[in-house]
Amino acid sequence: MADGDHDLNRGLRSPLRRKLLMGLAAAPALSLLPRNAFAAGPATSAVSTTGLAVTDTEVTCGILHSITGTMAISETGAQQAEKLAIAQINEAGGILGRKIKIIQEDGASDWPTFAEKAKKLLVNDKCAAVMGCWTSASRKAVLPVFEQYNGLLYYPTFYEGLEQSKNVFYTGQEATQQILAGLDWVHKEKGGDTFFFVGSDYIWPRTSNKIARKHVENVLKGKVVGEEYFPLGHTQFNSVINKIKLTKPKVIFTDVVGGSNVAFYKQLKASGIDLSKQVLLTISVTEDEIDGIGGDNIAGAYSCMKYFQSIENDNNKKFVADFKKMWGEKTVIGDVTQAAYLGPYLWKMACEKAGSFDVDKVVAASPDLEFKGAPEGYVRIDPNHHLWSKTRVGKAKPDGQFEIVYTSPELIKPDPFPKGYQ
Amino acid sequence: MKNPVQTLTKSVTVNDNPFMKPIEWLSLALLALVLLVVLPSLLDAFRLNLVGKYLTYAFVALGLVICWGYAGILSLGQGCFFGLGGYCMAMYLKLEASSVANTKIQSTPGIPDFMDWNQITELPWFWKPFQSLPLTLILVVAVPVLFAFAISAAMFKRRVGGTYFAIITQAIAAILTILIVGQQGYTGGINGITDLRTLHGWDIRTDSAHTILYFVNGGLLLGCILIAQFVKKSKLGRILVAMRDKEDRVRFSGYSVAGFKVFAFCLAAAFAAIGGAMFTLQVGFMSPSFVGIVPSIEMVIYAAVGGRMSLFGAVWGTLLVNWAKTSFSESFPDLWLFGLGALFIAVVLAFPNGLAGIWREHIEPRLTRRVKGLRAPPPAIVPHGAPAE
């Protein structure tokens, strides 16, 4: 195939070209609109030099989450928060005078589909940025795509670390940010010196527990009396509950995910373990999960996150109210949902600082940006593309909310490749 | 492309049972034309790569036509062989991508990153053969075929067949998935084997590499169609059909039924494995989500939509279903699964013999009438007693 043919085809069908034409056609109509409807931004040629889908009035942003399949329940909140943030940004005049246009794709809980759709968003739609992914597996699948086509991904989930890419900003916590402060707290306040680890069997719990074990053994001088893993979706936890009863750990430390959570906490309660007496610290239960588990089954457990819906500050009050207004009174907001909400804002700030949508310039402008309007308080982007954020410990209440019992005094530095924990 | 048709037109008069009927040559030429000329010139690199990915499933569908359509063995575990082929290729590519220079930040440089995360400090023995490309290319087909042989020999020698066999293959697909997910230090777990970069130093992530791989894929697929056609036309193929329709009669005639069944199953596995390896090369990773029950059943659906008695139908069916999947999901991210479901229901209700049935009933007779001097095709073979419609 002659390369020329390809270029010609691509040129004719390029969405950018089409949009430009449509933009031109709409130009006379624009003059009829009230003048103040558009904040006049800098010329398109100045803010976009790499062929991204940026017009005089619009910039395209992709959203890539699972709308169908097993992960849909978890990813819905993230996707809703991103849409809320984008709607708010548009209402306030957009980015560099351009409204954000959303192109949404469904990853369908299937990692190769994520890769296919990521490629579509970057190659076909020329998205200036993509908000998306939830599981580590989906991120691992799209990572080579973003690196190859020099895209920009804002990834919202707390995750295992051990990764740092020029093309990704991680708006959730990496493992040390989430775990260490929580373990310190449980050691100091609850006298936790013996631990039992229970996790789902994949990379995030394995890596988190590895870090937790090193911290317990080397720093807290405690002991890990058991460490058990179960396949994703596992629902029979009686054997491990018996082991917990035998070994009598001071703290049960869990990173069981998804539907397994429901079975685990129900069986724990049924076996007579009273969470008001037995300390349980989890790093995988947010308000979203409690929705499924049932508040009564998990009341008394401690969860270690950077955000809880019950945080008392003005940013959060407004965020919670806006979120419920857009998506319904019954929705709950978990840690990842809030982290997803940060993505569009961090992108906006970086674009405005860079004065451009070009990925390289946005990436270069991002380090040390501070976002003071974050519901979790304020956050800062580290040069390693992760966020500085606080760690909080919440106690689950029967109504499905958390009572915050501890907040780290300072922002904690992200450390995706922790020395001494590998 | 007209030549073979003409030469064969002449030979029809002398040969009662040609390798391919003129109409089949025409189908092959049409398929080759679309795959190797029309699509590459119409589609941009991204869409062409997508079609390449769809075509890797067509290998599996092709195997199912022989195994299910002709031999009557319904396998709901073809994902196993697709996955094993893909994993073999992915292991080679991963080792190449994990050179000491690329993995400096790890505790143990030179091993794949997921092994390092799982505190493995030495390359496991079964990864070692995949350091060599020639050995990998052999193992890509050999591992799945040996696995298929072991399963099918054990089952068919004991005369386990029909629905029981289908259920067992499904169970094996589930077991293999659990094994891969559980042994993440050795297999990459649920993430699969990701971030594959080069094949013997050749960067497989570029657009030009994707285009070349597309043509290799298309060529291999046409080759597999010819092999399948050969099997179908030979005495072997007739025994397979006979076995499907009246197994006991074939057995009493002195044939070893089990042997033929094992052969058909292994051939389907070999096709699936080639598809899996090409998938890994074109998509750039392999994960357990291709090994399990859902993809295995989807692959049966491709064959069913295409028409399970038709080699070409299998390819068209795979293309149609996957194209529908992609375009529905791009246009209606919230509703696409319903659209896809509606497509299946429509096909099954209106065209029980799939795309091939439409072709055979409506297009082929007209074409045949047009082409002078051709005999009318014999009536379509209607399968009896085939399991699990």
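Laboratory data are not the source of any read-out in this text; all were calculated from the coordinates shown. Small disclaimer: the values here were computed from a predicted structure and weren't measured. Backbone-built Cβ (ideal geometry, glycine too); neighbour counts: all protein chains shown.
Pop out the ³J(HN,Hα) list for the stretch A:303-317 in order, Karplus 6.51 cos²θ - 1.76 cosθ + 1.60 with θ = phi - 60°, rounded to Hz; leave Gly and Pro as x.
10, 10, 9, 9, 9, 10, 4, 8, 4, 9, 7, 5, 3, 5, 4
According to the Cα gyration tensor, what semi-axes, each the square root of 5 times an eigenvalue, does the equivalent ellipsoid of chain A have, listed from largest to smallest in whole Å? If you can, show how the numbers build up before the last one.
Details: eigenvalues 352, 93, 75 Å².
With the √(5λ) rule applied to chain A, the semi-axes are 42, 22, 19 Å.
So for the protein assembly as shown, taking the charge dipole from beta-carbon charges (+1 Lys/Arg, -1 Asp/Glu), which of B:Trp323, B:Ile239, B:Pro288 sits furthest toward the positive end?
Value: B:Ile239.
Over the alpha-carbon set of the stretch A:288-342, divide Rg by the Kirkwood Rh and report the Rg/Rh ratio to two decimals.
With Rh from the inverse mean 1/r over Cα pairs, Rg/Rh is 0.97.
Return the Rg/Rh ratio of the stretch B:129-225 with Cα-based radii and a Kirkwood Rh.
Over the Cα atoms of the stretch B:129-225, Rg/Rh equals 1.05.
One quarter of the convex hull surface, Cα atoms only: what value does that give for the stretch B:14-148 in nm²?
That works out to 12.9 nm².
Just tell me how shielded B:191-198 is by partners: mean number of partner chain Cβ atoms within 10 Å of each residue's Cβ, no decimals.
4
May I ask for the distance between the Cα centers of the stretch A:83-142 and the stretch B:83-129, given as a whole number of Å?
31 Å
For chain A, what relative contact order do you get, as a whole percent, if you take Cα pairs closer than 8 Å and at least 6 residues apart?
Relative CO of chain A lands at 17 percent.
Just want the answer: with Cβ charges of +1 for Lys and Arg and -1 for Asp and Glu, which residue in B:Pro365, B:Gln119, B:Ala342 is farthest toward the dipole's positive end in the stretch B:2-370?
B:Pro365
Would you work out the charge dipole size for the protein assembly as shown about its Cα centre, treating the Cβ of every Lys and Arg as +1 and the Cβ of every Asp and Glu as -1, and quote it to the nearest 20 debye?
That gives the protein assembly as shown a dipole magnitude of about 2260 debye.
Using a Gaussian network model of chain B whose springs link C-alpha atoms within less than 10 Å, name the residue from B:Gly254, B:Gly162, B:Gly86 with the highest mean-square fluctuation.
B:Gly254
Bin width 5 Å, alpha-carbon pairs only: give the P(r) of the stretch A:235-383 as whole percents, running from 0 to the bin holding the largest distance.
Whole-percent P(r) values from 0 Å outward: 2, 8, 15, 16, 13, 12, 11, 9, 7, 4, 2, 1, 0.
Of the DSSP beta bridges with both residues in chain A, give the percent that are antiparallel, rounding to the nearest 5. If you can, show how the numbers build up before the last one.
On the way: 16 of 53 bridges.
Looking only at bridges with both residues in chain A, the antiparallel portion is about 30 percent.
Starting from 0 in steps of 10 Å, tell me what percent of the Cα-Cα pairs of the stretch B:2-370 lands in each bin.
Pair shares across the bins are 5, 22, 31, 25, 12, 3, 1, 0.
How many angstrom separate the Cα center of the stretch A:153-169 from the Cα center of the stretch A:340-414?
Between the Cα centres of the stretch A:153-169 and the stretch A:340-414 lies a distance of 13 Å.
Output ³J(HN,Hα) for the stretch B:234-246: one whole-Hz value per residue in order, computed from phi by the Karplus curve 6.51 cos²θ - 1.76 cosθ + 1.60 with θ = phi - 60°, and x for Gly and Pro.
Listing the rounded values in order: 6, 4, 3, x, 5, 5, 4, 5, 4, 5, 4, 7, 8 Hz.
What's the average, rounded to a whole number, of partner chain beta-carbon atoms within 10 Å of each residue's beta-carbon in A:150-162?
What the average comes to for A:150-162 is 1.
Sorted by average packing, counted as other Cβ atoms within 10 angstrom per residue and highest first, what order do A:401-414, A:256-269, A:306-319, B:338-351 take?
Peptide ranking by packing, descending: A:256-269, A:306-319, A:401-414, B:338-351.
How many angstrom lie between the Cα centre of the stretch A:286-308 and the Cα centre of the stretch B:164-194?
32 Å
Could you work out, residue by residue across B:175-188, how many beta carbons of other chains sit within 10 Å of that residue's beta carbon, and then give the average as an integer?
So the per-residue partner count for this stretch is 2.
Explain nothing, just the number: relative contact order of the stretch B:2-370, from Cα pairs under 8 Å at least 6 residues apart, as a whole percent.
Relative CO of the stretch B:2-370 lands at 31 percent.
A:Tyr406's amide H: which non-local residues (gap 5+, or another chain) put their own amide H closer than 5 Å, with H modeled 1.01 Å from N in plane and none for Pro or chain starts?
Hits under the 5 Å cutoff: A:Val393.
With charges only on Cβ, +1 for K and R and -1 for D and E, what is the dipole size of the stretch B:154-262 about its Cα centre, in debye, rounded to 20?
Details: 14 positive and 6 negative charges, 177 e Å.
That gives the stretch B:154-262 a dipole magnitude of about 840 debye.
What is the percent of Cα-Cα separations in the stretch A:60-160 that go past 21 Å?
Value for the stretch A:60-160: 29 percent of Cα pairs lie more than 21 Å apart.
Gaussian network model of chain B, Cα springs within a sub-10 Å range: biggest mean-square fluctuation belongs to which of B:Trp125, B:Trp68, B:Trp359?
B:Trp125
Bin width 5 Å, origin at 0, all Cα-Cα pairs of the stretch A:177-287: what percent of pairs per bin?
Percent of Cα pairs in each bin: 2, 12, 25, 26, 21, 11, 2.
Taking only Cα atoms and a 10 Å spring cutoff, compute GNM fluctuations for chain A and point out the largest among A:Asn218, A:Asn209, A:Asn297.
Result for chain A, Cα springs under 10 Å: A:Asn218 fluctuates most.
What does the charge dipole of the stretch B:2-370 about its Cα centre add up to, to the nearest 20 debye, if the Cβ of each Lys and Arg holds +1 and the Cβ of each Asp and Glu holds -1?
In debye, rounded to 20, the stretch B:2-370 gives about 1500.
Quick one: compute the contact order of the stretch A:178-332, relative version, from alpha carbon pairs under 8 angstrom and 6+ residues apart, as a percent.
Over the stretch A:178-332, the number comes to 22 percent.
Restricting the calculation to Cα positions, tell me the Rg (one decimal) and the Dmax (whole number) of the stretch B:101-147 in Å.
Radius of gyration, then largest Cα-Cα span, for the stretch B:101-147: 13.2, 38 Å.
For chain B, what is the calculated [θ] at 222 nm in deg cm²/dmol (nearest 500), taking -39500 (n - 2.57) for each run of four or more DSSP H residues and dividing by its residue count?
-21500 deg cm²/dmol
Could you calculate, for the protein assembly as shown, the ratio of the Cα radius of gyration to the Kirkwood radius, expressed as Rg to Rh?
Reported Rg/Rh, Kirkwood definition of Rh: 1.00.
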